[in-house]
1. Is the range 38-53 home to any residue that is polar (S, T, N, Q) and more than 30 Å from Gln16 (Cα to Cα)?
2. Looking only at the range 115-153, which residues are among the small types (Gly, Ala, Ser) and either open to solvent by 60 Å² or more (accessible area, probe 1.4 Å) or touching a helix residue (DSSP H, G or I) at 6+ places or on another chain (Cβ under 9 Å) (or both)?
3. Just the residues that are loosely packed, with under 12 Cβ neighbours inside 10 Å and either at pLDDT below 95 or small (Gly, Ala, Ser) (or both), please, taken from the range 34-51.
4. Go through Asn18, Asn10 for me and flag whichever is within 16 Å of Met153 (Cβ to Cβ) and surrounded by 14 or more Cβ atoms within 10 Å (Cβ to Cβ).
5. Just to check your reading of the model, which residue among Leu109, Leu130 is of a type in the set (A, V, I, L, M), in contact with a strand residue (DSSP E or B) (Cβ under 6 Å, 6 or more places away or on another chain), on the phi < 0 side of the Ramachandran plot and modelled with pLDDT of 95 or more?
6. Residue check, Met1 against (1) of a type in the set (A, V, I, L, M, F, W, C); (2) open to solvent by 50 Å² or more (accessible area, probe 1.4 Å); (3) at pLDDT 95 or above, all met but one. Which one?
7. Output the residues belonging to the range 7-35 that are of a type in the set (S, T, N, Q) and either part of a helix (DSSP H, G or I) or in contact with a Leu (Cβ under 8 Å, 6 or more places away or on another chain) (or both).
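The values are calculated or read from the model by the stated rules, or taken from the named source; none is laboratory data. The shown structure was predicted, so the numbers you read here are calculated from the model rather than taken from an experiment. All Cβ positions, even for glycine, are placed from backbone atoms using ideal geometry, and neighbour counts span all protein chains on display. SASA here: full protein model, heavy atoms, side chains in, ligands and nucleic acids out. Shrake-Rupley method; radii C 1.70, N 1.55, O 1.52, S 1.80 Å.
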Amino acid sequence: MIALDAIDRNILNLLQANGRMTNADLAERVHLSQSACLRRVRSLEAQGVIDRYVALIDPAKIGRRSIVFVEITVASQSDEVLSAFEAAVRQVPDVMECHLMSGDADYLLLVMAADVEDYARIHKDHLARLPGVSRVHSSFVLRTVSKTTVHPM
């Protein structure tokens, strides 16, 4: 864990809200000179605290209205099976996230689809064909109650 002071946390909160904020605006908001602020941001980047800058896309605006959580159980816990599954799932463009889990399922995937028919295609063409898969359990999101990309500081 990296030690963050109040200024670092303030910088991170502001950049999480607006990653395109200029250094001049950021420096003013955190009460630092522009050069001191830029040094802080570069240090946070170099330490990997700031991983990257991205544009967040509204999935509905690009026709991806269905969010599906998919629990996958694999036939074996061997390193070979897990590695093959993980390499293959990274190649499925509709899988937004994949997590190795404890509990009943081995993996939890977040899949974005246009609709139920599109998910059926994803399931048939990709998920059911992933190496080592023995069980797939899909749950469709009915309504998103809360969603954020902001990590509390």
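1. First, pick out the residues of the range 38-53 that are polar (S, T, N, Q): 43, 47.
Right, trim to more than 30 Å from Gln16 (Cα to Cα) and you get none.
No, the range 38-53 contains no residue that is polar (S, T, N, Q) and more than 30 Å from Gln16 (Cα to Cα).
2. Going residue by residue through the range 115-153, those that are among the small types (Gly, Ala, Ser) are 120, 128, 132, 134, 138-139, 146.
Across the range 115-153, the qualifying residues are Gly132, Ser134, Ser138, Ser146.
3. Answer for the range 34-51, where residues must be loosely packed, with under 12 Cβ neighbours inside 10 Å and either at pLDDT below 95 or small (Gly, Ala, Ser) (or both): Ser35, Ala46, Gly48.
4. Working: Asn18 fails: surrounded by 14 or more Cβ atoms within 10 Å (Cβ to Cβ).
So the residue among Asn18, Asn10 that is within 16 Å of Met153 (Cβ to Cβ) and surrounded by 14 or more Cβ atoms within 10 Å (Cβ to Cβ) is Asn10.
5. Working: Leu130 fails: in contact with a strand residue (DSSP E or B) (Cβ under 6 Å, 6 or more places away or on another chain).
Among Leu109, Leu130, only Leu109 is of a type in the set (A, V, I, L, M), in contact with a strand residue (DSSP E or B) (Cβ under 6 Å, 6 or more places away or on another chain), on the phi < 0 side of the Ramachandran plot and modelled with pLDDT of 95 or more.
6. It is condition (3) that Met1 fails.
7. Pass one, the range 7-35, residues of a type in the set (S, T, N, Q): 10, 13, 16, 18, 22-23, 33-35.
Answer for the range 7-35, where residues must be of a type in the set (S, T, N, Q) and either part of a helix (DSSP H, G or I) or in contact with a Leu (Cβ under 8 Å, 6 or more places away or on another chain) (or both): Asn10, Asn13, Gln16, Asn23, Gln34, Ser35.
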